[in-house]
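Just below is one structure, and these are the notes that go with it.
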Amino acid sequence: MAVSAAASDGNVETGSWLNIDTLPTLIFSLISLLIVLYAIWSVKSGRKFTIREIPGLKAVDEAVGRATEMGSSILYTPGWGGDIQRPTTIASMNILSSVATRTAEYDCRLIYPTHDPVIMAVAQEVVKESSIKAGHPERYRADDIFYISSSQFGYAAAVDGIISREKPASIFLLGTFEAESLILAETGNSIGSIQIAGTDSTIQLAFFIVACDYTLIGEELFAASGYLSGNESILSSVKAQDIIKILISLFIIVAMIWATIDPSSTWWVF
Amino acid sequence: MDIGILVAGILTLAVFSFLYKDNPVYKAAESWLIGLSVGYALVIFWQTTIIDLLLVPLFSEGRLILIIPFLLGLMMFSRFSKKTSWLSRIPIALMIGAGAGVAIPAMLYARTLKQMSASVMPIIENGSLNIEAPVVALGVISTLAYFYFSREHKGVMGSTARLGTYFLMIFFGATFGYTVMSRMSTFIGRVDFLLTDFLHLIK
Amino acid sequence: MRTKIPLVVCLAFGVIMFAQYFSNHTIARAVYNNILEWWQIIFAFTLFVGVAAFIKNNLKSISRGKKDTPYKIVSLIGLALMPLLAIIGGTRIGSPFLWSFENMLAPMQATVFSLLAFFVASASFRGFRARTVSATILLLTALIVLIGRIPLAEMISESLPKTTFWIQSYPSMAARRAILIGIGLGSMTTALRVILGIERTYLRGE
Amino acid sequence: MDRLRTRWIIFSGLAIVVIVSYLITIKFKTAPSPATLKAYKYLDTLPEKSVVIFSFDHEASSLPEIQPIALAMLRHAFKNDLKIVGLSLFAEGTAIGYDLLSKTAREYDRQYGSDYIFLGFKPQYISAILGMGESIKRVFPEDYLGNMTDTMPIMLGIDSYDNIEMVVSIADGDRTVQWVEYAGARYNQKVMAGLTAAMITSYDPYLSSEQLYAVVGGLRGAAEYENLLDKRGGGSRGMLAQSAAHLYILALVIVGNIIYFRNRRRGGGG
């Protein structure tokens, strides 16, 4: 296949190995990667990282407990928008793992409808593992984790049907959501379920905040997956992200003062 | 009346019947929709990907390297058998790995670096106070503080994070407002179709 | 071997795709374009797997003779119809395939989507309560935007639409920006863990 | 039962408000937002025969909202005798895009092949966007109607973003982000957008960092644009219904809160 390079430096035939325009990104990437690797390494060598309390997370136990008390079920949806490689889907799977451990302990039914066959397969495995970990492998029901349709509103309509028929006491909406978010959350709201939502889709967050009891906002979803699973590599990544956030804040403050003193300078523009 | 508009009008009304309650007409329309949409995707992907990107280049242009993704694609079907299903991990691993590799620099550039430098504005410009500059900087920094997980939100950190939640709520409120606007527009568009094209009540 | 091969594949393609971003070289561009094509091809196959699962599920519930059998049959007919039309009449302008898209699929999707207007209305009635300071800020901002973007606003006061734009362009944008930065960082660290093989969730599920 | 009844009342109220107000014709003056004005001015001052790409990056479901925006901008472009290259990065936008483009072209008596062309759909959008930076004809060897692209008169002087003044992405999701992040960042291509209202706030950071040139958002944006063009269309026609719907929601929120506070006072007193 013939692909010609877009060479900006005059080297039209082959282009340069290093695109100078991307240098700031490269430097920033390397700094970030080093910070993440350092955090992972320091956890490996025994350092403990803790995470602040995230309000929605306390509600997880409450949600499972309530469903058990009422002899009802729990519905868990990863949303329609994601596929298995999305970071949010991965975070959602990690949370599913701890929710499934608790449902297995309490013998509470867990329904997991999905729009993606690969997500279905992974979720089945996650729930199965959690049941084994909880000491109740017999409580794993493969049929409750199923594929519906890849069509957005087909999926939404079907999950809606399940919600109104099964009336789950608690609903988890964790993953990547698009317009179906409100259809699901509103229906859940109308039957009075406890709803815990979390997504990185910023538009849908507004609806979740209005219609759900607890909402994990954007990055909180990632942190929550570390908090619940106690997975140290996730915790260390969260720590690394925090360090980078401090650097970014300092950068903005310093550059802003600089810009005020010397308006002609533009070193902060990449 | 144009038969297409008639069909579209009837299907539109069938879907709207859901608002009264879940009913067989709606359910039939919904199943029809699901079936058609899956079939449509099948055709589009067959044409634009399997034919255009795989079969034509492989067989008429002789790009033999495409045998690799072809085989990897076929491995996805190993999922249907317990014994071989681990094979499907390989194509998935490729997609996940490549996706992750692309994401790191792209995310850092567009979502982080670029946004970071765009947040820098002079506080005093041409001798007058530029109120937006501190508002944006404070908004960004306090919201970042809300997303700071390593420490409990107490003291200075706590009040900064609290300020961050207020900025977040402003964003969610504005988004909610605009989304309401959007959904209403969509509905108005369907009303337009029903009143103008289907029922001819408006010229 | 069952985990090692996928981990190696993931690592290799992750590193290549990371590195190519910084290069303009012909070889780097060619490698990049090829991998993108592979990605696309494999993705199409996952869709076929999904369709196969869809057919399997539907046939299964039809054979069990459940109440919703007629609906499942409707779905399967719809699924078969589109490829059939495409084979018979092609997919270009004026083909039955495109006719079905424009007169059945598109209007139905648009209508299901417009149902959201009604859900928005009932959510506004039920969920939008000034319970706390945060909730009140959310509510007020939403109302300002709702009013500020209709022609009536200009009649009430010139400054109302201006306030809307100001809120949208500064405080709201700042929060969205911080969310973007946060998600960017979160995705970056997840991606890195995936490439390094620390995060293996996707390897589960056989 | 009570819950269901409230729902019906709310639903029928909305339907009545929108339908009745849509039947009434009132002309509004809609002052343009800064972003709409910027988009309009840009297209208005482009020299004749400049080439603009219109990319239909949306699904069929958002057509009702997207169509008036697309029509207004297309009319403007055809009126000013700009050349238009249409394409789609969403399968569902393809037929719709071609329809809109050819319908508007007929209004202004523009010829296919010399004044405008529709290239059709490419699924791998990132590689398509990047590829067009090197050669549009290689990414789209055939147009939507099956003509060889390089035989079309309009394509004579066009081969990459160097010959394109502006990309207008008509979108209901984050496809425009890809235009910004790949065509914009890598090839310095100017990009602006026609967006559903729901997406407006998501694009504010890109607009403010000037990665995105301008935005025409929602039915309201369409109405503003139509006003600037002095040509009435779907946007202006829908403005009264839109306003009525907003006021209806406003009323619902207020009534909802009154009920809430009244109940709380009663509940809290005991």
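The values are calculated or read from the model by the stated rules, or taken from the named source; none is laboratory data. Keep in mind the model is a prediction, meaning the values are calculated, not measured. Cβ atoms come from the backbone with ideal geometry, glycine included; neighbour counts cover every protein chain shown. SASA here: full protein model, heavy atoms, side chains in, ligands and nucleic acids out. Shrake-Rupley method; radii C 1.70, N 1.55, O 1.52, S 1.80 Å.
Which of the residues that make up region B:135-159 are facing chain C (nearest Cβ under 10 Å) and either acidic (Asp, Glu) or assigned to a helix (DSSP H, G or I) (or both)? Result: B:VAL135, B:VAL136, B:ALA137, B:LEU138, B:GLY139, B:VAL140, B:ILE141, B:SER142, B:THR143, B:LEU144, B:ALA145, B:TYR146. Residues in region A:217-270 that are closer than 17 Å to C:GLY182 by Cα and part of a loop (DSSP other than H, G, I, E, B): how many? Residues flagged as closer than 17 Å to C:GLY182 by Cα and part of a loop (DSSP other than H, G, I, E, B) within region A:217-270 amount to 1.
Say whether the condition of being facing chain B (nearest Cβ under 9 Å), part of a loop (DSSP other than H, G, I, E, B) and free of Cβ contacts under 8 Å to residues at least 60 places away in the same chain is met by at least one residue in region D:194-209. Scanning region D:194-209, I find at least one residue that is facing chain B (nearest Cβ under 9 Å), part of a loop (DSSP other than H, G, I, E, B) and free of Cβ contacts under 8 Å to residues at least 60 places away in the same chain, so the answer is yes. Taking the criterion of being touching a helix residue (DSSP H, G or I) at 6+ places or on another chain (Cβ under 9 Å), open to solvent by 40 Å² or more (accessible area, probe 1.4 Å), at the interface with another protein chain (Cβ under 7 Å from one of its Cβ atoms) and closer than 30 Å to C:TYR71 by Cβ, would at least one residue in region B:26-37 satisfy it? Looking through region B:26-37, at least one residue is touching a helix residue (DSSP H, G or I) at 6+ places or on another chain (Cβ under 9 Å), open to solvent by 40 Å² or more (accessible area, probe 1.4 Å), at the interface with another protein chain (Cβ under 7 Å from one of its Cβ atoms) and closer than 30 Å to C:TYR71 by Cβ. Check D:GLU224 against each of (1) open to solvent by 20 Å² or more (accessible area, probe 1.4 Å); (2) acidic (Asp, Glu); (3) in contact (Cβ under 8 Å) with a residue 12 or more places away in the chain and name the one condition it does not meet. Of everything listed in (1) open to solvent by 20 Å² or more (accessible area, probe 1.4 Å); (2) acidic (Asp, Glu); (3) in contact (Cβ under 8 Å) with a residue 12 or more places away in the chain, D:GLU224 misses just condition (1).
Taking region B:15-25 as the range and being open to solvent by 10 Å² or more (accessible area, probe 1.4 Å), at the interface with another protein chain (Cβ under 8 Å from one of its Cβ atoms) and not in a loop (DSSP other than H, G, I, E, B) as the test, the residues that pass are B:PHE16, B:PHE18, B:LEU19. Need the failing condition index for D:LEU89 against (1) in contact with a helix residue (DSSP H, G or I) (Cβ under 6 Å, 6 or more places away or on another chain); (2) outside the structural domain of D:ALA198 (by TED's automatic domain parsing), just the number. The single condition D:LEU89 does not satisfy is (2).
Quick one: count up the residues across region C:166-185 that are modelled with pLDDT under 90 and in contact with a Gly (Cβ under 8 Å, 6 or more places away or on another chain). Total meeting the criteria: 1. Within region D:1-35, the set of residues being surrounded by fewer than 17 Cβ atoms within 10 Å (Cβ to Cβ), of a type in the set (Gly, Ala, Ser) and assigned to a loop (DSSP other than H, G, I, E, B) comprises just one member, D:ALA31. Could you list, in sequence order, all residues of region B:38-54 that are surrounded by fewer than 19 Cβ atoms within 10 Å (Cβ to Cβ) and of a type in the set (S, T, N, Q)? The one that is surrounded by fewer than 19 Cβ atoms within 10 Å (Cβ to Cβ) and of a type in the set (S, T, N, Q): B:GLN47. Restricting region C:151-206 to residues that are within 7 Å of chain B (Cβ to nearest Cβ) and touching a residue at least 24 places away in the same chain (Cβ under 8 Å), which is nearest to B:VAL120 (Cα to Cα)? Of everything passing the filter in region C:151-206, C:SER172 is nearest to B:VAL120 (Cα to Cα). Any residue at all in region C:58-81 that is more than 7 Å from chain B (Cβ to nearest Cβ), touching a Ser or Thr at 6+ places or on another chain (Cβ under 8 Å) and not in a helix (DSSP H, G or I)? Within region C:58-81 (the criterion being more than 7 Å from chain B (Cβ to nearest Cβ), touching a Ser or Thr at 6+ places or on another chain (Cβ under 8 Å) and not in a helix (DSSP H, G or I)), the answer is yes, since at least one residue qualifies.
Conditions tested, residue by residue: (1) modelled with pLDDT of 90 or more; (2) open to solvent by less than 10 Å² (accessible area, probe 1.4 Å).
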{"residue": "A:ILE194", "(1), (2)": "yes, no"}
{"residue": "A:GLY198", "(1), (2)": "yes, yes"}
{"residue": "A:VAL210", "(1), (2)": "no, no"}
{"residue": "A:SER229", "(1), (2)": "no, no"}
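Of all residues in region D:125-137, those that are within 11 Å of D:TRP179 (Cβ to Cβ) have Cβ atoms under 6 Å from Cβ atoms of residues that are open to solvent by 30 Å² or more (accessible area, probe 1.4 Å) and among the basic types (Lys, Arg), 6 or more apart or on another chain, in D:ALA128/D:LYS122. Checking the structure you have, find out if any residue of region A:59-71 is open to solvent by less than 20 Å² (accessible area, probe 1.4 Å) and assigned to a strand (DSSP E or B). No, the conditions are met nowhere in region A:59-71.
Residues in region A:119-156 that are closer than 22 Å to A:SER181 by Cα, assigned to a helix (DSSP H, G or I) and open to solvent by 10 Å² or more (accessible area, probe 1.4 Å): A:MET120, A:ASP144, A:GLN152, A:PHE153.
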